[in-house]
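One structure is given below, encoded as structure tokens.
Please treat every number below as a calculation from the coordinates, not as lab data. Predicted model only: the values in this text are computed from it and were never measured. Heads up, the Cβs are rebuilt from the backbone with ideal geometry, glycines too, and the neighbour counts pull from every protein chain shown.
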Amino acid sequence: MRALQSLALLLLLLVVPGTRALAQPTTAKPPVVKHDLAGREQCLMCHAAGKMEAVPDVPASHADRTNETCRWCHAADAAMQKMDPPAIPHALEGRDACLMCHKPGVMEAVPDAPADHQGRTDKACKLCHTPAPAPKQ
Ligand code: HEC
Ligand code: HEC
Ligand code: HEC
Ligand code: HEC
């Protein structure tokens with residue numbers, strides 16, 4: 001009986017954290033930059049991995065990100081700090097040119113990319129927008 005109880009406890013310990021992990025959002029909130037940004041536009045000059053010992057390195061997920069992108073996520077006033085980017089509700093096949101449809105004013109039936117998206121290119125969209133779990137058929 002004792003053995004059975006410990007087995008049950010062990011299973012519980014194994015299962016519960018796993019379930020919690022699944023329930024968590026897939027994307028973490030980007031940490032807000034706390035330092036002054038004046039004169040620090042070249043973020044990677046300091047934050048590139050291994051550059052400066054006293055500076056936190058960009059994580060491996062950041063491999064292709066350029067200096068222009070950093071504020072989109074890390075600025076205190078970035079939309080990313082307040083809300084989750086909407087998921088992509090449609091299939092992506094043949095739709096790599098996101099702005100062909102989402103550029104403001106181009107197609108009436110398509111939701112416009114918001115004004116703060118100025119300067120963002122097709123390559124960047126999927127940094128933040130990910131396909132909805134069950135795409136529409
Ligand atoms: C001159 C070097 C330098 C430049 C340029 C620089 N940073 Fe930093 N950054 C630092 C240092 C040092 C820290 C850690 C101490 C602090 O927060 O001030 C830091 C901290 C951060 C953190 C916080 C990390 C954490 O764990 O809280 C973020 C986010 C960040 N920087 C983003 C940026 C972005 C975005 C830019 C460009 C717009 C930038 N940094 C430009 C030196 C720099
Ligand atoms: C699409 C949003 C996004 C963009 C763009 C982005 N980051 Fe991040 N960044 C994150 C998220 C989310 C985390 C924390 C989770 C992780 O490790 O990926 C993070 C983590 C970091 C950290 C680590 C902070 C720590 O505490 O160790 C630094 C430094 C950083 N980013 C700097 C940058 C710089 C510099 C750029 C531009 C080259 C940049 N980020 C572009 C979302 C972003
Ligand atoms: C052929 C036109 C077209 C292309 C290309 C396209 N989309 Fe869409 N997108 C739409 C339409 C239409 C909708 C409205 C919802 C629906 O009908 O699926 C939409 C909806 C969205 C939404 C939801 C907006 C909201 O308000 O919830 C996001 C996010 C999105 N698309 C992102 C993207 C990204 C990222 C790409 C490129 C990888 C892309 N789209 C390429 C036509 C397009
Ligand atoms: C740094 C993260 C980030 C990037 C990169 C990004 N978006 Fe967004 N997007 C957001 C957030 C956050 C929102 C919701 C807040 C808002 O409306 O500003 C949003 C909203 C949208 C919406 C919904 C507008 C509405 O009225 O429902 C569309 C469409 C969209 N983005 C398309 C795009 C396209 C196309 C690209 C690439 C050119 C792109 N996004 C790049 C973060 C991002």
TODO: Give the cross-link partners of Lys126 among the lysines, using a straight C-alpha distance below 17 Å as the criterion and excluding same-chain residues fewer than 8 apart.
DONE: Lys29, Lys103
Open item on the list: With the crude spin-label approximation of a point 7 Å out along Cα→Cβ, what separation in nm comes out for Asp96 versus Arg65?
Closed with: 2.3
Task: Debye-sum result for the range 85-130 in log10 I(q)/I(0), which assumes one identical scatterer on each alpha carbon, at q = 0.13 Å⁻¹ - done: -0.26
TODO: Report, by chain and number, residues whose modeled amide H sits under 5 Å from the one on Ile88, excluding near sequence neighbours (fewer than 5 apart, same chain).
DONE: Thr130, Ala132
- [ ] List the extent of the Cα atoms of the range 28-121 along each of their three principal axes, largest first, rounded to whole Å.
- [x] 49, 26, 23
